[in-house]
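Accompanying notes for the structure given below.
What follows draws every value from the coordinates through simple rules; no lab data is involved. Please read these numbers as outputs of a predicted model, since none were measured by experiment. Cβ sites come from the backbone with ideal geometry, for glycine too, and all protein chains shown count toward neighbours.
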Amino acid sequence: MNAFIGENYQDRHSAGYFRQKYLERRTNACVLILLIALFIAGCGSTPKRVEFPTKPSTTTAKPGGYYLDDGPGENLPANLEQIPDAIPRIETLHRGANRPYTIFGKTYAPNVSSDQFRQSGVASWYGKKFHGQKTSIGEIYDMYAMTAAHPTLPLPSYVRVTNPANAKSIVVRVNDRGPFHADRIIDLSYVAAAKLDIARRGSAIVNVERVFAGAGAGAGEAVPPPVMASAASVVAPTVITTSTISADADAFYLQLGAFSSLENADIFRERMTRELDWNREPIAVVNKDGLYRVRLGPYKTRDDAEAAVVQIKQSHDFSPLITKP
């Protein structure tokens with residue numbers, strides 16, 4: 001027993017014993033310093049959270065009601081709340097933008113009467129991606145103006161939009177077509193959405209009611225039937241005719257829309273060019289069977305065309321028609 005104690009005592013007081021303990025302590029200290037450094041580096045590199053809405057949602061009134069890659073501007077005006085509502089006035093209806101049209105296989109027939117109109121559903125908004133671009137009536141879209149887009153209301157016309165969740169109400173001028181999503185009824189400008197407190201959320205349920213020149217704060221008042229613009233006032237853009245595409249008779253195309261108005265077809269083509277920025281195929285207006293068709297392609301095989309349909313459906317909730325020339 002004493003021999004064991006003496007031997008253990010000598011081992012614990014030898015040079016090798018102290019060297020081993022020193023190395024253990026130094027290793028532990030290095031590990032601790034490394035962990036602290038990693039923790040500090042991790043904290044310093046964590047990106048700040050930006051609370052903007054996400055991509056468009058296909059579910060009613062969920063966050064992210066604006067279009068993919070869209071959003072609010074970087075330098076927002078300080079007086080958004082002071083921007084006045086649109087004032088209804090009698091205007092000549094745009095000749096081309098009020099004709100029937102087909103987009104993503106769905107046909108829309110604008111109602112150009114002076115009938116009263118009420119509708120409830122989901123409103124979304126569009127911002128910087130379309131700011132400065134043409135609307136369906138050829139005006140320049142201003143995300144800081146009190147405007148909106150609607151699939152079938154006369155262009156231009158005026159509506160009162162009310163957010164029932166907070167009773168806030170605004171009047172906007174409808175000067176564009178859209179939204180072309182099955183679950184939405186109106187697209188608001190950014191400032192209009194902000195004044196209704198739905199800009200950050202992206203979308204919300206609203207009540208839409210048409211109002212007329214001279215109407216008060218309540219229901220709209222009927223006015224004489226609007227006058228359509230003359231054909232001479234419509235400037236026709238360049239169009240591709242069927243004769244120029246005969247060489248691609250075996251190819252496949254995606255038909256995005258069909259319009260009786262050449263001007264409206266060209267505006268829609270420009271819009272699709274901006275929205276489908278991942279696309280590398282031409283988007284053209286083709287005059288066929290009395291309609292101006294907005295087509296994407298050509299694709300050599302149906303499989304290639306179907307792959308593009310899947311991508312468009314993911315971003316726009318619609319499937320374009322696969323067609324031949």
Run the simple label-point estimate for Thr301 and Ala78 please: 7 Å along Cα→C-beta, distance reported in nm. 6.0 nm
Which FRET efficiency value, to the nearest 0.05, do you get for Asn166 and Ala213 by plugging their Cβ-Cβ distance into 1/(1 + (r/R0)^6) with R0 = 41 Å? 0.90
